[in-house]
1. Could you tell me whether any residue of the range 198-205 is touching a residue at least 24 places away in the same chain (Cβ under 8 Å) and within 19 Å of A125 (Cα to Cα)?
2. Tell me, which helices (runs of 4 or more DSSP H) wholly within the range 80-149 include 2 or more residues that are within 22 Å of G259 (Cα to Cα) and touching a Lys or Arg at 6+ places or on another chain (Cβ under 8 Å)?
3. Taking the condition outside any strand (DSSP E or B), of a type in the set (F, W, Y) and closer than 27 Å to N202 by Cα, does Y52 pass?
4. Listed residues A41, A47, A96, A71; which is at pLDDT 95 or above, closer than 21 Å to Q11 by Cβ and touching a strand residue (DSSP E or B) at 6+ places or on another chain (Cβ under 9 Å)?
5. Given the conditions (1) surrounded by fewer than 18 Cβ atoms within 10 Å (Cβ to Cβ); (2) in a loop (DSSP other than H, G, I, E, B), which single one is not true for P62?
6. Of the residues that sit in the range 305-356 and are in a helix (DSSP H, G or I) and free of Cβ contacts under 8 Å to residues at least 40 places away in the same chain, which one is surrounded by the fewest Cβ atoms within 10 Å (Cβ to Cβ)?
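The values are calculated or read from the model by the stated rules, or taken from the named source; none is laboratory data. The model shown is predicted, which means the values in this text are computed figures rather than measured ones. A quick note on method: Cβ atoms are made from the backbone with ideal geometry, for glycine too, and the neighbour counts reach across all protein chains shown.
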Amino acid sequence: MENLVTLPHLQSYYKGKKVFITGHTGFKGAWLSAVLHLAGARVMGYALEPEYPNSLFERLQPLRITEGSIADIRDRERLQKELRAFQPDFIFHLAAQPLVRRSYEIPAETFDVNVTGTANLLEAASKLEGSCTIIVITTDKVYENREKNILYTEEDALGGFDPYSASKAAAELVVNAFRNSFFHPGRFAVHKKSVATARAGNVLGGGDWSRDRIIPDIVRALQENREVDVRNPGAVRPWQHVLEPIGGYLLLGARLQQGPSGFPKAFNFGPQAEDHLSVREVVELAIACWGEGRWNTRESPNAPHEAGLLQLDIGRALAELQWKPKLNSAEAVRWTIDWYRQPADRQALFTFDQIKTYLSL
């Protein structure tokens, strides 16, 4: 099966196109912006200021790879104004409150950003005059997770134990309502809009400094020569390098533009079934790549609930998009640690080196 996520392929769809990214200052949004810049797209971002110093967005900022507006996805009038002025060919909606543990601290805000923010984006898109392809990024955590040894497909029931997961499942319902009401595939000739959702597994990659995420926690501990505190070493997740789902998002956008009646639905992006790793395995791989370090289990009986087992079925992406992972989970960890070990003044260029290597695989 040919993997179509290559630079010439992406350039054929995105070179010269206007692409609007919400959440471009975030970890995944910055990587997406970099890939699109390399593909020759004109990128406009809409997001809050980056929350963490030394983020990938800040490392890339001197290269001016995006235009941008610093604004809140909940500001409906501002969002409509920016979209109307830009008239994008593609929209990738990544703006979100993306952390499970933080959602326990700010549950109402999490629902406001993730659900109302998605509705604001789709309402603004519905008012655009020209054609537009829209990809809404949700998460692998949208499923009603029974924590059994099964791979969740796109047809499985939506759910969500915690506010983050539930808010992203609700965002999927928002997308479906807008698709039925305003972007119905059968009336594409009238509205000229198509929308799909992408559900990615846990992503690894350079430039992420979010708290309560495994790689940033590991790197901070190793840089400070202290033990890595690990909450749930036995938990299993669909780990993947950030470039894997980004390649999937871009391929889905291209396919959706080609065939707006054939792809307006949800797609899972994750590792192969045999490549799901435990937290313990990820930590030990990261320490081995770093060259030194130690870890210790630090579990609290009062800690908020986090799922112990989550696995994705990527059969739809394999069959319908001809997408497949290029890196296994161990390689994803190695690529990530390699990024953090670069000098600060090399990290921006190293980001593009990794993108070029990935797209050439």
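1. Taking the range 198-205 and keeping what is touching a residue at least 24 places away in the same chain (Cβ under 8 Å), we get 198-205.
Still in the list and also within 19 Å of A125 (Cα to Cα): 198.
Checking the range 198-205: at least one residue is touching a residue at least 24 places away in the same chain (Cβ under 8 Å) and within 19 Å of A125 (Cα to Cα).
2. Details: elements: 100-105, 107-111, 117-126.
The helices (runs of 4 or more DSSP H) meeting that bar are 117-126.
3. Values: outside any strand (DSSP E or B): yes; of a type in the set (F, W, Y): yes; closer than 27 Å to N202 by Cα: yes.
Taking the combined requirement at face value, the residue satisfies it.
4. Numbers: A47 fails: closer than 21 Å to Q11 by Cβ; A96 fails: closer than 21 Å to Q11 by Cβ; A71 fails: closer than 21 Å to Q11 by Cβ.
After ruling out the rest, the residue left standing is A41.
5. Answer for P62: the failing condition is (2).
6. Initially, the range 305-356 is screened for residues in a helix (DSSP H, G or I), giving 315-321, 329-340, 344-356.
Still in the list and also free of Cβ contacts under 8 Å to residues at least 40 places away in the same chain: 319, 345-346, 349, 353.
Values: A319: 10, D345: 8, R346: 13, L349: 13, D353: 14.
Filtering the range 305-356 for residues that are in a helix (DSSP H, G or I) and free of Cβ contacts under 8 Å to residues at least 40 places away in the same chain, the one surrounded by the fewest Cβ atoms within 10 Å (Cβ to Cβ) comes out as D345.
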